[in-house]
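Worksheet: the structure to be examined is printed underneath.
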Amino acid sequence: MREDLLHFVWKYKKLPLNNMVTTSNEVLLIEDVGLHNHQSGPDFFNAKIKIGNQLWAGNVEIHINSSDWYAHKHELDTNYDNVILHVVWNYDMAVSRKDSSEIPTLELNNYISKELLENYQGLFAQRSNKFINCEKELANIDGFIIDNWLERLYVERLEAKSELINELLEASKNDWEKVLFTLLLKNFGLNINGDAFLSLAEALDFSIVRKLQRSPIQLECILFGLGGLLDDSSVHDPYYTALKTEYGYLQKKFSLNKEAVQKPEFFKLRPANFPTIRLSQLANLYRKHPNLFHLAISATSLQHLYSILDISASTYWDDHYTFGKESRKRKKTLTKKFKDLLIINTILPVKFCYSKHLGTPTKEEIFKIIVGIGKEDNSVIGKFNRLGLKTKSAGDSQAVLQLYNGYCSNNKCLQCAIGGHLLNGNI
């Protein structure tokens, strides 16, 4: 038995509501189960319970064993003073509040249906041999339930990405341009160099970016220099030497310090993703769009965002991937796939946060953009597709990643619309 099943049973009233008694043999009627609390404190707020002839309004706490009340030291916590009912699977002792008054207790093991328990046990059976708990039933779930759940999951995904944005916003004292720059720099680094590029952004005062963004060479100087990419004394390329000289000047002028900056990696990267190329592209993005934040926030279509991201690295990189080593000539533009990643992971989350900040909902606009981007492709999404959950757009694939990471991997089936549907025996 797990506590999440008891939460599910209580929240969705999977009980004989008119035929229950407390452990003291008093008739109990549930008028309102209350509001499910996912933070600290009692599990359900503002419930209304009739015990005997008395109607009570207050909070409900749920445990496997009634003795868990003392194991969790609730008797010492004032947050639990207003608990009007203790709901447990197993009643092994009476419990009291700080003032020694006994809390009425409902023991559930005689009230949960056998069918619901069997569905619950079947859902978690042989978990170690499965990709996800519901893999055999997933293909048979009604499409309406799937579509609505995926839409909610995508918003949940945006909320999760908002956590970093809110941290950056607080650190920058509400400088949205700085936040966008930091997040873009992080995501230009992808998985391998994301943390290194983030450390670079945190070490660079954004006021310097504002001063130098009209000069991509100087902005490149600072990005390369702070990133430790101008420290190789064996390179004698004229462009490299010029950048190194310029960086020496800018370092003194702006008192730049790279001690906290993590040096980016080249290992295991395709040349197009080398930090030299990505940093140059970012510098040119800010040269082309001095007011990038306003431009990105104002964009209402996918094509508009694509046009904003139509940039390339500086001309030196047309025939180079690293300093001093020539390569076949090719303009280093942002590919459509890379633009999609920036839109998915940077621009849309920032749009979402900014709209919440202003109190002007843009969910429909964000959905319109995300459904126009093709689905992402990775092993998790591939497995879901093979199980019958077909992703049609990046909105779907982002939702599926949220589903897997937030629910499936953590056995949170009872908080999932699909798991709840199966638990009710609906298939």
Which percent of the accessible area of segment 317-427 is formed by carbon and sulfur heavy atoms (probe 1.4 angstrom)? 50
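Based on the Cβ-Cβ distance of residue 1 and residue 29, what FRET efficiency does E = 1/(1 + (r/R0)^6) give at R0 = 22 Å, to the nearest 0.05?
Values: r = 25 Å, r/R0 = 1.12.
FRET efficiency, residue 1 to residue 29: 0.35.
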Too-long pairs where the Cα-Cα distance tops 23 Å, listed order kept, from 13/383; 336/375; 11/114: 13/383
For the chain, share of DSSP beta bridges that run antiparallel, in % to the nearest 5: 65
Rounded to the nearest Å, what's the spacing between the alpha carbon centres of segment 356-390 and segment 1-43? Just the number, please. 35
Over segment 309-394, with the other protein chains present, what is the accessible area per residue in square angstrom, probe 1.4 angstrom? 52
Within segment 136-177: backbone nitrogen closer than 12 Å to the residue 214 label point (7 Å, Cα to C-beta): none
Given a 1.4 Å probe and every protein chain left where it sits, what share in percent of the accessible area of segment 137-239 is carbon and sulfur? 47
Using 5 Å bins from zero, what percent of all Cα-Cα pairs in segment 157-223 falls into each bin? 4, 17, 25, 27, 17, 7, 3, 1
Cross-link reach from residue 73 to aspartates and glutamates, straight Cα distance under 17 Å and at least 8 residues apart if same chain, gives 43, 61, 81, 92, 99, 102
Quick check on segment 207-334: take the gyration tensor over C-alpha atoms, sort the square-rooted eigenvalues as a ≥ b ≥ c, and tell me if it's rounded (a/c under 1.5), prolate or oblate. oblate
Gaussian network model of the chain, springs between alpha carbon atoms under 10 Å - residue of 96, 40, 172 with greatest fluctuation: 40
Placing +1 on each Lys and Arg Cβ and -1 on each Asp and Glu Cβ in segment 356-424, then taking the dipole about the Cα centre, the residue among 422, 408, 370 whose Cα reaches farthest towards the positive end is 422
Centre separation in Å (Cα based) which lies between segment 135-209 and segment 266-304: 16
Are any of the pairs 136/161; 136/390; 337/368; 178/356 more than 20 Å apart by Cα-Cα distance, and if so, which? 136/161
Over segment 154-241, with neighbouring protein chains present, the accessible area per residue in Å² at probe 1.4 Å is 42
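Could you give the length gained by full extension between residue 268 and residue 81, i.e. 0.36 nm per residue of separation minus their alpha carbon distance, to one decimal place?
Details: separation 187, 0.36 × 187 = 67.32 nm, distance 5.72 nm.
That pair, residue 268 and residue 81, stretches by 61.6 nm at full extension.
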List the relative contact order of segment 225-358 as a percent without decimals, with contacts defined as Cα pairs under 8 Å and 6+ residues apart. 22
Counting only protein chains, not ligands or nucleic acids, how are 97, 210 ordered by accessible area (probe 1.4 Å), most first? 210, 97
Summing -39500 (n - 2.57) over the DSSP H runs of n ≥ 4 in the chain and dividing by its residue number, what mean residue ellipticity at 222 nm do you reach, to the nearest 500 deg cm²/dmol? -14000 deg cm²/dmol
Under 14 Å, Cβ to Cβ, from residue 191 - net charge with Lys/Arg +1 and Asp/Glu -1: +1
Qualifying trypsin sites (Lys or Arg not before Pro) for segment 132-207 [loop in DSSP, other Cβ within 10 Å: at most 10]: 173
List the chymotrypsin sites (Phe, Trp or Tyr not before Pro) within segment 219-283 that fall in a DSSP loop (any state other than H, G, I, E or B) and whose Cβ has at most 16 other Cβ atoms within 10 Å. 266, 267
Surface accessible to a 1.4 Å probe, per residue, for the residues of segment 51-130, Å²: 53
How far, in nm, would the chain grow between residue 203 and residue 364 when pulled straight, counting 0.36 nm per residue and subtracting the alpha carbon separation? 54.4 nm
Under a crude label model (7 Å from the Cα following the beta-carbon direction), how far is residue 291 from residue 135 in nanometres? 5.3
Give the share of C-alpha pairs in each 5 angstrom bin for segment 69-145, from 0 to the last occupied bin, in whole percents, shortest bins first. 3, 12, 16, 14, 10, 10, 12, 11, 9, 3, 1
On the accessible surface of segment 1-91, probed at 1.4 Å with all protein chains in place, carbon and sulfur together account for a percent value of 45
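The values are calculated or read from the model by the stated rules, or taken from the named source; none is laboratory data. These numbers were taken from a predicted model, which means no experiment stands behind them. Quick reminder, even Gly has a Cβ in these numbers, built from the backbone with ideal geometry, and neighbours come from all protein chains shown. Heads up: the accessible areas ignore ligands, DNA and RNA and are worked out on the full protein's heavy atoms, side chains in. Shrake-Rupley method; radii C 1.70, N 1.55, O 1.52, S 1.80 Å.
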